[in-house]
Amino acid sequence: MTVFIMADLEGISGIYTREQVLPSLNRFSEGRKYLTREINVCAEALKAAGVDKVYARDCHGGSYALLWDELGEYVDEAICGAIGDERFPYIDECDAVILLGYHGMAGTHKALLEHTFSSVSVQNYHLNGEKVGEIAIDAAILGEHGKPVIMVSGDTNTCLEAKRFLPWVATAEVKRSLNCFGASLLPPHKAKECIFAAVKEAVENFRSGKCELYNVAAPITLRVELTERNQLPYASQRPYMKIIDGRTFEVEADSVEQAIFRV
C-alpha cells in the first residue's frame with residue numbers, strides 16, 4: 001500500500017497564529033519545524049500500520065515550508081516547490097491520500113486561520129453551486145483519479161467540515177479552535193497519539209473497503225468570489241470564464257482539477 005500525504009500548515013498541531021504561517025513574519029521558521037515534525041509523525045504511523053511507501057507533499061503557499069534536512073526515515077519521497085499543473089504528482093502510484101494540517105473553509109465561524117486558497121484575495125469558492133473549501137476541492141480532484149481521502153487532520157472545525165463532505169474519513173483533531181487566531185493546543189506527545197490513532201483507523205477502513213471516492217458530477221462550474229473590487233482576471237482570452245459581477249467570476253471545465261488551474 002502506498003499513501004500520499006498532502007500537508008498544509010494552518011492545521012498542524014502547535015500552529016495558532018499568522019506569524020507562524022507567513023514567510024515574511026518572524027515565527028515562520030517555527031511553523032516549518034512543526035510541519036516537518038508532523039509529516040514525520042504521520043509517516044511513522046503509516047509505516048507502523050503496514051504501509052509500504054509514503055509520499056509527502058508540502059502544499060502550503062509556494063511549497064517551500066518543509067525542512068528537508070529534518071525529514072525522518074519513514075518518508076520515502078518529499079515533493080516541494082513549483083511543480084506545474086499537477087496538484088498531486090505521482091498520485092497514480094498511490095492507493096489513498098491523507099490531508100494533513102488542513103483548515104476550515106473561508107468564512108467558517110471561529111475556525112482557526114480559515115480561508116480558501118487565499119486569505120487575502122478570496123471570499124468564497126462554490127463548486128457546482130455548493131460552497132466548498134480546500135478539503136472538498138482536493139477530495140474531488142482525488143476522486144477523479146480514483147483515490148480516496150482516508151484521513152484529515154486539523155482543528156475542531158476542520159474535522160467537522162471533513163466529516164460533512166467525507167462521512168467515512170478518519171479525523172485527527174490536534175487542537176480545538178477558539179477563534180481565527182486562537183486555539184487550545186494539545187502538547188506534542190498527545191498530538192502524536194491522536195495522529196497515530198487516526199492513521200491506524202484510516203488504514204483499517206481502507207483495507208476493509210469502507211473508504212469512498214468523493215465525486216462531483218461533470219461538467220464543472222467553479223465560482224470564485226473575491227474580497228476586493230478591480231481584481232477580476234482578464235476574460236478576453238478565456239472562453240471558459242464568465243464574469244458574474246465586479247468581484248465574482250465562474251470558470252467551466254470538464255473536471256475539478258482542470259477548473260482549479262483555470263482560476
Legend entry - Cleavage-rule hits (GluC sites (Glu not before Pro)) in region 161-250: DSSP loop, at most 12 neighbouring Cβ within 10 angstrom: Glu228
Inset, instruction - With the cut-off at 16 Å, report for region 220-262 the share of all Cα pairs above it, as a whole percent. - result: 32 percent
Inset, instruction - Using Cα pairs closer than 8 Å and at least 6 residues apart in sequence, work out the relative contact order for region 220-262, in percent. - result: 46 percent
Inset, instruction - Just the number, please: percent antiparallel of the DSSP beta bridges in the chain, rounded to the nearest 5. - result: 50 percent
Inset, instruction - Could you work out the longest stretch of the chain that avoids the chymotrypsin sites (Phe, Trp or Tyr not before Pro) located in DSSP loops with at most 16 other Cβ atoms within 10 Å? - result: 1-63
Legend entry - Pairwise label distance in nanometres, Ser208 with Ser24, each label 7 Å out on the Cα-Cβ vector: 4.9 nm
Legend entry - Share antiparallel - DSSP beta bridges, region 121-200, percent rounded to 5: 60 percent
Legend entry - Sparse-neighbour loop sites [trypsin sites (Lys or Arg not before Pro); region 208-263; at most 11 other C-beta within 10 Å; DSSP]: Arg229
Legend entry - Inter-centroid distance (Cα atoms) of region 82-131 relative to region 15-43, Å: 17 Å
Inset, instruction - Could you pull out the trypsin sites (Lys or Arg not before Pro) across region 59-155 that fall in loop regions by DSSP (anything but H, G, I, E, B) with no more than 16 other Cβ atoms inside 10 Å? - result: Lys110
Legend entry - Rounded FRET efficiency, nearest 0.05, which uses the C-beta distance separating Ile243 from Ser118 and R0 of 25 Å: 0.85
Inset, instruction - Quick one: grab the alpha carbon gyration tensor of region 109-263, order the square roots of its eigenvalues as a ≥ b ≥ c, and give me rounded if a/c is under 1.5, else prolate or oblate depending on whether a/b is larger than b/c. - result: oblate
Legend entry - Cα-centre dipole for region 220-262 with unit charges at Cβ (Lys and Arg positive, Asp and Glu negative), debye to 20: 160 debye
Inset, instruction - Filter the cross-link list Lys163/Lys192; Lys175/Lys242; Lys47/Lys147; Lys47/Lys190 down to pairs whose alpha-carbon distance in this structure exceeds 30 Å. - result: Lys175/Lys242
Legend entry - Estimated FRET transfer efficiency (Ser236, Asn128; beta-carbon r; R0 41 Å; 0.05): 0.95
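Percent relative contact order of the chain, based on C-alpha pairs within less than 8 angstrom and at least six residues apart?
The value is 20 percent.
Rule-based calculations on the coordinates, nothing more; no lab input. Just so it is clear, the structure is predicted and the values come from calculations on it, not from any experiment. A quick note on method: Cβ atoms are made from the backbone with ideal geometry, for glycine too, and the neighbour counts reach across all protein chains shown.
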